Every structure is written in structure tokens, then in C-alpha cells.
Amino acid sequence: MGLTFNPIHTTDAGGRRAQLRLPHQTVETPVFMPVGTAGTVKAVPQDTLESLGAEIILGNTYHLYLRPGHEAIRRMGGLHRFISWPRAMLTDSGGFQVFSLSELRNVTDEGVRFRSHLDGSSHFFTPEHSVDVQIALGADIAMAFDECTEYPADRARAEESLRLTMAWARRSLEHFRMHQHEVSWHGEIAGSQSLFGIVQGGMYRDLRKESAERLIEMGFDGYAIGGLSVGEPRDLTLEMISEVLPILPAGKPRYVMGVGYPDEIEQYARMGVDMMDCVLPTRAARHGLLFTSEGRLTIKNRQFAEDQGPPDPACDCMVCRRYTRAYLRHLMQAGESLSATLNTIHNLAYYLGIMRRVRASLEAPKAN
Ligand SMILES: [Zn+2]
């Protein structure tokens, strides 16, 4: 058994309060998953992530495959052991980074040839290879290899991209079912890895619907909606999510990839999205952008030079309890590395806090 998904309460609007049982952790959903690209959520140590209440983090297959290499990680007992993260993990398929970071891509039905953004070396990724790499990494949840359709994409392009993603989904699943027992923690930890399919289809409602229906027929452990937050207007993102959510099986987790701003993650969670991830809170933090109950704060602004208040008066995270806006501004101005750490801890606390409140409200009996 890979995962079990137990809805506790579902609202009229479709929002689900649930528990997602994974081999390394029972995750309370809806959940926000911090992104740990290369085996680290940038600037934040693992024990701090635990204190913040992060129950599941992401790893990026493309980055870990290139460096230090999935075989090295397998030999060291898998990604959980290598990075000392005992809780749940999810790896993406590598597809998104292959298409966004690498150079000189050549896509065929078989797979995609690309050059590493690190050293220009040539690599070939197929659905089977992506699954092999993800089994070596050994996250609780792996993702089917897909092509993230760019925006804008015309109808013919979106159809062609979808055809490829559906063929790759089937190959990913077949290969995964044959090899999933090869995960390094097999027999040591109860349960097995899970594989999610990814709904694509560009910004075309009927293609999204077709994609979801075909994936459900194949029978994945969970379903993701990909290809969003790729530059499209927000009402279009919402339209695609609204189209797909009601089609997806109620008994399986639903994951929207790569979203979003604080108000977006709350909105989508209330609609019935169970899992979300985004680099926004961590990346913005490194650029000095803080998300707070009073709105966005550009901490390097002159106005904070002698501001003795906490970054967010309504936040009780370890940063807001201890440090002032003036100090965070100084760290940023001085280029101190603690700047990234403190800013990121607060932003993650803010995101995780939103989901904690959403979970509490989805659990409460309906007021009438
Ligand atoms: Zn805070």
C-alpha cells in the first residue's frame, strides 16, 4: 500500500480536511509543501523545518540527478537518509526543469535529450529513466514524467503536448509498477512509494478534462494538475482548476503544482486542492520580500531602517518573536547570509500558518 487518503470533512464548496498517510509521515491536508530543490529548502536547516511544522517537502529530480547523482544517493540509503529528513518527501519528474533550465533540448516520443545547465554535458531522459531516478531517490511520492505545456500555446501545440504527456504517463506507470519494490527503504519502513499522474492540456478546458479522464483510467495513486502558474492570468488558472477538480476521484489526493500567492493557496485549498508547492515564499525571502498579515513587505526599504517592530506583528514564528524589521533590513543591506535564513523562516511560517488555519476552518462544523 503506497498511501491512504482519509477525508475527515468535506465542505459544500468542496474543501477537504483530510489525512494523507505516507510511509514516512502522516500529512495533515490541505498542505503546503516547501520546495527543497537540491536536497535543501534553501537557507533553512532540517530541524528548523520540523519546528515550523513542515510535514512534507519537495526534492527536484533534475537537480539531484545531475548533482550529486541518483546512484550516489541510492548507495547512501536514499534521499531521506542522505539529507536527514525523516518526514515525507515528494520528487517531481524532472520534466519541468529539463524544459525550463536545460539547453538544446530535443524532444521525441521516446524522451528528451538535453544539456546540463551546470556543465553542458548531454543527458537523455525518458519516462522510464525518470521513474528509475525517482525510485533511487526514494521519496514517498514520485511523479509521472510529463511535458509542461508552455503559455501561451495554440490548440494544435497543446494537443500535441497532451498526446506526449499521456503516452509518457502510461509508460511511467507501467515502469513504476514493475520496479517500485526496488526503493532503498523497502522492507525497512512499512508502505511503498506512490506515483501521481499529471493533468496537462494547456488552457483548454476540454483538453484538461480529457487528460484527467485518461489518467484516472490508468489508475494513479494521486492526481496533480500541472502546467499552471506558467504566466497565464490568474482567472485562467482558476478556471482550469475548477474544470479538473470535480472530475478527480474523491478518495485520492489532488495536488496543484507550482502555486501560488498566499491568497491563492487559501482559495484553492477551500475548493478541494489537498497539496500545493511553490518556490515563491523561499525565493521571495532571499530577495527580501516578506509575506505578512499586513501585506507584502520589501524589507530593504529605507522606512524600516530603525523600525523596532517585528516583521509581522500577527506572526509568532521564531523570527518575529526575536528580531526587528530594522535588523532584518540591516542583514539584507549588508549581504549577510543570515538574511536569507531569517526571511525564509518567516515566509514559510506564514505559508504553513495559512494552511493550519484553513485546515481548522475546514474541520469545523458548518455554521448555519
Ligand atoms: Zn514570522
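The values are calculated or read from the model by the stated rules, or taken from the named source; none is laboratory data. Everything numeric in this text was worked out from a predicted model, so none of it was measured. Cβ sites come from the backbone with ideal geometry, for glycine too, and all protein chains shown count toward neighbours. Only protein heavy atoms, including side chains, enter the accessible area calculation; ligands, DNA and RNA are left aside. Shrake-Rupley method; radii C 1.70, N 1.55, O 1.52, S 1.80 Å.
Among the DSSP beta bridges whose two residues both lie in the chain, what percent are antiparallel, rounded to the nearest 5?
For the chain, the DSSP antiparallel bridge percentage is about 50.
Which far-off residues, 5 or more places away or on another chain, put their amide H under 5 Å from the one on Thr4, with H placed in the peptide plane?
For Thr4, the qualifying residues are Arg21.
Can you list the cysteines of the chain that have no other Cys Cβ under 4.7 Å away?
Cysteines of the chain left without a disulfide-compatible partner: Cys148, Cys278, Cys317.
Could you calculate the FRET efficiency of Glu363 with Ala167 from 1/(1 + (r/R0)^6), where r is the beta carbon distance between them and R0 is 35 Å, rounded to 0.05?
About 0.30, to the nearest 0.05.
Run the quick spin-label model on Arg356 and Ala190: label points 7 Å from Cα toward the beta carbon, then report their separation in nm to one decimal.
2.8
Could you work out how much longer the chain between Val279 and Arg67 gets when fully extended? Use 0.36 nm per residue separation minus the Cα distance between them, nm to one decimal.
Working: separation 212, 0.36 × 212 = 76.32 nm, distance 1.97 nm.
The span from Val279 to Arg67 would gain 74.3 nm if fully extended.
Averaging sequence separations of C-alpha pairs under 8 Å and six or more residues apart, then dividing by the length of the chain, give the relative contact order as a whole percent.
On the way: 729 pairs, mean separation 64.5, N = 368.
After rounding, I find 18 percent.
Karplus couplings for the range 310-326 from phi (6.51 cos²θ - 1.76 cosθ + 1.60, θ = phi - 60°), rounded to Hz, Gly and Pro as x?
With coefficients 6.51, -1.76 and 1.60, one gets x, x, 9, x, 8, 9, 10, 6, 5, 7, 5, 6, 10, 10, 9, 4, 4 Hz.
Any number yet on Rg/Rh for the chain, C-alpha, Kirkwood? Write down the numbers at each step before the final one.
On the way: Rg = 20.3 Å, Rh = 21.1 Å.
Here Rg/Rh amounts to 0.96.
Hey, how many Å between the Cα centroid of the range 334-368 and the Cα centroid of the range 119-155?
Cα centroid of the range 334-368 versus Cα centroid of the range 119-155: 29 Å apart.
Sort Arg302, Arg74 by accessible area with a 1.4 Å probe, largest first.
Descending accessible area places them as Arg302, Arg74.
Give me the number: length gained by fully extending Asp109 to Met76, i.e. 0.36 nm times residue separation minus the C-alpha to C-alpha distance, one decimal in nm. Intermediate values should be presented prior to the final figure.
Details: separation 33, 0.36 × 33 = 11.88 nm, distance 3.33 nm.
Gain on stretching Asp109 to Met76: 8.5 nm.
Given the rule -39500 (n - 2.57) for each run of at least 4 DSSP H residues, summed and divided by the residues of the chain, what is its mean residue ellipticity at 222 nm, to the nearest 500 deg cm²/dmol?
When only DSSP H runs of four or more count, the value is -12000 deg cm²/dmol.
Each label point is 7 Å from the Cα along the Cα-to-Cβ direction; what then is the distance between the points at Ser242 and Thr4, in nm?
3.6
Suppose each label sits 7 Å from its Cα in the direction of the beta carbon; what would the Glu174-Ser84 distance come out to in nanometres?
My value for the distance between the label points is 4.3 nm.
What order, most packed first, do the peptides 319-330, 42-53 have when packing is the mean number of other Cβ atoms within 10 Å of each residue?
On the way: 319-330: 18.3, 42-53: 16.1.
By packing density, highest mean first, the sequence is 319-330, 42-53.
Around Gly39, which amide H atoms from residues at least 5 apart in sequence, or from another chain, sit under 5 Å from its own amide H, with H modelled in the peptide plane?
When sequence neighbours closer than 5 places are left aside, the close amide H contacts are Asn60.
Once amide H atoms are placed 1.01 Å from N in the peptide plane, what residues at a sequence separation of 5 or more from Thr292, or on another chain, have their amide H within under 5 Å of its amide H?
Placed amide hydrogens put Leu297 under 5 Å from Thr292.
Rounded to the nearest percent, how much of the accessible area of the chain (1.4 Å probe, protein heavy atoms only) is carbon and sulfur? The partial results should precede the final answer.
Working: 7420 of 15070 Å².
C and S fraction of accessible area: 49 percent.
Rank these residues by their accessible area, most exposed first, probe 1.4 Å: Tyr223, Tyr151. Don't skip to the answer; put the middle values down first.
Working: Tyr223 5, Tyr151 85 Å².
Sorted by accessible area, descending: Tyr151, Tyr223.
Test of understanding: what is the full-extension gain from Asp263 to Ser337, defined as 0.36 nm times their sequence separation minus their Cα-Cα distance?
Values: separation 74, 0.36 × 74 = 26.64 nm, distance 2.88 nm.
So the chain would gain 23.8 nm between Asp263 and Ser337.
Which value, in Å² and to the nearest 10, is the accessible area of Ile247 when all protein chains are kept and the probe is 1.4 Å?
50
In percent, what relative contact order does the range 213-310 have, based on Cα pairs under 8 Å that are 6 or more apart in sequence? Let's see the in-between values first.
Working: 88 pairs, mean separation 21.2, N = 98.
Relative contact order here is 22 percent.
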